[in-house]
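Peer 1: The structure is given below, and queries will be raised subsequently.
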Amino acid sequence: MIVRLFISAFGEAIRHGRLPAQKYCLLVCWTIIVTACSSTSVQVDKIFPSPLIVPIPAHIGVHFSDKLLNFTHDEEVEANGSWSIAVGSAQHSMFDQILSGMFVDTTQVPGPDKFASITIPLDAILVPEVIDFQFSIPAQTRTPFYEVWIKYEISLYKPSGEIIAQWPLTAYGKANTDNYSFLQRTREPAVQEATRIALRDAAAFFALRFGREAEIRNWITQLEES
Amino acid sequence: MYFRIIALPLYLLTLVACVSTNVEQVRQASTGISLGESVVVMGRKNRSSVSETEEAFVACVNNKLSRSSTGYGVVPQKEFTDALFPWFEPRTAPLDSAELPKMLTEPLIAARLREIGVHYIVWIQGSTDRVDQAGAMSCVATIGAAGCFGFLTWENDATYEASIWDVQTGTSAGNISSDANGTSFVTGVVVPIPIIARVQSAACTGLSNQLNSFIRDET
């Protein structure tokens, strides 16, 4: 892209000999520096499907922390520029969509320090928190894949603030560079795709494994008995 | 004169190298598809797999099957995984047809499959890899002149296998493998002349044609 811009801007001048040699060298150096110091900003798709599962008959409060809502991963990758991957709003949409399908009713509530102020009758309060985000690019792994790992910690509280269960949720997504033509810019769309797949993976695992935690199973049993 | 200048590179670009394709089939059950039923073609994306089936290959099989199918539909992979979310994601999809009957006991899954009319799930595994290469070519471009000199050759091998699962019976109906290989060349005498062996396309055509016959029980 930069090379194309360079040619379109200065190609005519070079062809007609109007650009002196020193200026030509300076322009080439500038192009190389700009290419090397590139920064990549990634926004992740926010559309997730509804889960095809039987909803748990519970009224759940959900708290999304500011950290989760505004989460952006910034990293400097040696010789590959700086990366900024904004995941906050996508993971908010993902949890919102999956929880709406998993429980008969969900309501957004304030954080654990303000549980006492909640007046709506709830069966439990769920708090997802992003703990770690890592990604790798083909230049680092020598594979054709852009990969993303996300680790969440999920906490389920009683409305009184007492913890019912706390467990980690790990997610993984990868995007194959072979799926993009050589004329296509790969960096942003591939990381975007790997992150989107990781978020779907988190949602899928969360939905299917939720009832398998022993404490959660007991809580669901108590809920069904009451 | 101008026509020749334009036509020669275009003619050279259309040159294709030879590709040999081998398609094999193993049938485990009788097949057949009714009017209004459909097939879904899926690429395997397991976490552990170092090589992954290219989306272009899955799309190619999908397109060829859509064009050749008469009387049955082909559901796009994304539409299918979204409709059955979270059951067919890379880490949650059944790895073996033996897992299918248990999955079909879930009333919601069985109902959704009936709703979208999917009769067969076709899982595609494999990839196209460069197995050998030789030669060198250097290109030089200066203001007012450019040219390439040298000779390049490489051999590509496309190996794919399709597993066909019958959703109605919860069993594996069979497997079809398609193996294509060919050697491509680029000769550079000022103008580079590529002679490309389209192995992935050949493997896709072989697999799709056989898959269509297999589903319709014509083999």
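The values are calculated or read from the model by the stated rules, or taken from the named source; none is laboratory data. Small disclaimer: the values here were computed from a predicted structure and weren't measured. A quick note on method: Cβ atoms are made from the backbone with ideal geometry, for glycine too, and the neighbour counts reach across all protein chains shown. Only protein heavy atoms, including side chains, enter the accessible area calculation; ligands, DNA and RNA are left aside. Shrake-Rupley method; radii C 1.70, N 1.55, O 1.52, S 1.80 Å.
Peer 1: How large is Rg/Rh for the stretch A:39-225, to two decimals, with Cα atoms and a Kirkwood Rh? Walk me through the numbers before you get to the answer.
Peer 2: Working: Rg = 18.2 Å, Rh = 17.6 Å.
Radius of gyration relative to Kirkwood radius: 1.03.
Peer 1: Of the DSSP beta bridges with both residues in the protein assembly as shown, give the percent that are antiparallel, rounding to the nearest 5.
Peer 2: Among the beta bridges of the protein assembly as shown, antiparallel pairing accounts for roughly 80 percent.
Peer 1: Let me ask you something else. Compute the acute angle (0 to 90°) between the alpha-carbon long axis of helix B:107-116 and the principal axis of greatest extent of the alpha-carbon atoms of chain B; round to the nearest 10°.
Peer 2: That helix lies at roughly 50 degrees to the long axis.
Peer 1: A further question on this structure: How high is the relative contact order of chain B, given as a whole-number percent (alpha carbon pairs under 8 Å, six or more residues apart)? Can you show the working numbers first?
Peer 2: Numbers: 431 pairs, mean separation 66.3, N = 219.
Here the relative contact order equals 30 percent.
Peer 1: Add +1 for every Lys or Arg and -1 for every Asp or Glu among the other residues with Cβ under 11 Å from the Cβ of A:Gln222, and state the total.
Peer 2: On the way: positive: A:Lys158, A:Arg217; negative: A:Asp123, A:Glu215, A:Glu224, A:Glu225.
With Lys, Arg at +1 and Asp, Glu at -1, the net is -2.
Peer 1: Share of chain B's accessible area from carbon and sulfur, percent, 1.4 Å?
Peer 2: Roughly 57 percent of what the probe reaches on chain B is carbon or sulfur.
Peer 1: Cβ under 12 Å from B:Ser68's Cβ, B:Ser68 left aside: what net charge do those residues give with Lys, Arg +1 and Asp, Glu -1?
Peer 2: Residues close to B:Ser68 contribute a combined charge of +2.
Peer 1: Measuring with a 1.4 Å probe in the full set of protein chains, what accessible area per residue, in whole Å², belongs to chain B? If you can, show how the numbers build up before the last one.
Peer 2: On the way: 11340 Å² over 219 residues.
Spelled out: the 1.4 Å probe surface of chain B, per residue, equals 52 Å².
Peer 1: Count the lysine pairs in the protein assembly as shown whose Cα atoms sit under 14 Å apart, keeping only pairs 8 or more residues apart in sequence or on different chains. Please list the in-between numbers first.
Peer 2: Numbers: A:Lys67/A:Lys151; A:Lys114/A:Lys158; A:Lys174/B:Lys45; B:Lys45/B:Lys78.
The result is 4.
Peer 1: Identify, among B:Thr183, B:Thr70, B:Ala136, the residue whose Cα sits farthest towards the positive end of the charge dipole of chain B, taking +1 on the Cβ of Lys and Arg and -1 on the Cβ of Asp and Glu, with the dipole about the Cα centre.
Peer 2: B:Ala136
Peer 1: Across 20 Å bins from the origin, how do the percents of Cα pairs in the protein assembly as shown run, short distances first?
Peer 2: Reading the bins upward from 0: 20, 44, 29, 8, 0.
Peer 1: OK, next. Taking R0 as 51 Å, what's the FRET efficiency between A:Ser65 and B:Ser66 from their Cβ-Cβ distance, rounded to 0.05?
Peer 2: 0.65
Peer 1: Right, next: Counting only protein heavy atoms and rolling a 1.4 Å probe, how much accessible area do B and A lose on contact, total for both sides, in Å² to 100? If you can, show how the numbers build up before the last one.
Peer 2: Details: alone 12420 and 13040 Å², together 23270 Å².
Summed over both sides, the interface buries about 2200 Å².
Peer 1: So in chain B, which Cys have no other cysteine's beta-carbon sitting under 4.7 angstrom from theirs?
Peer 2: B:Cys18
Peer 1: Using the Cα atoms as the points, what is the convex hull volume per residue of chain B in Å³? Can you show the working numbers first?
Peer 2: Numbers: hull volume 37.0 nm³, N = 219.
Considering the Cα atoms of chain B, their hull volume per residue is 169 Å³.
Peer 1: What list of ³J(HN,Hα) values in whole Hz, one per residue of the stretch B:192-201 in order, does the Karplus curve 6.51 cos²θ - 1.76 cosθ + 1.60 (θ = phi - 60°) give from phi, with Gly and Pro shown as x?
Peer 2: Values per residue, Gly and Pro as x: x, 10, x, 10, 9, 8, 8, 6, 5, 5 Hz.
Peer 1: In Å³ and rounded to a whole number, note down the convex hull volume per residue for the Cα atoms of the stretch B:113-196.
Peer 2: On the way: hull volume 11.0 nm³, N = 84.
Measuring per residue, one finds 131 Å³ for the Cα hull of the stretch B:113-196.
Peer 1: Determine the residues within the stretch B:51-66 where the difference in accessible area between the chain on its own and the full set of protein chains amounts to at least 30 Å²; count protein heavy atoms only and use a 1.4 Å probe.
Peer 2: B:Glu52, B:Glu54, B:Glu55
Peer 1: Within the stretch A:39-225, what percent of beta bridges assigned by DSSP are antiparallel, to the nearest 5? Intermediate results must be reported in sequence, preceding the final value.
Peer 2: Values: 29 of 42 bridges.
If I count the DSSP bridges inside the stretch A:39-225, around 70 percent turn out antiparallel.
Peer 1: In the Gaussian network model of chain B, springs joining C-alpha atoms below 10 Å, which of B:Ile164, B:Ile196, B:Ile109 carries the largest mean-square fluctuation?
Peer 2: Checking each option, the largest mean-square fluctuation is seen for B:Ile109.
Peer 1: Taking beta carbons within 10 Å but only from partner chains, what does the mean come to for residues B:84-96? Please list the in-between numbers first.
Peer 2: Values: counts 3, 13, 16, 6, 2, 8, 7, 7, 7, 1, 0, 0, 0.
Partner Cβ neighbours, averaged per residue: 5.
Peer 1: About the Cα centre, and with charges only on the beta carbon of Lys, Arg (+1) and Asp, Glu (-1), how big is the dipole of the protein assembly as shown? Nearest 20 debye, please. Mind showing how you got there, number by number?
Peer 2: Values: 33 positive and 45 negative charges, 311 e Å.
Around 1500 debye, computed over the protein assembly as shown.
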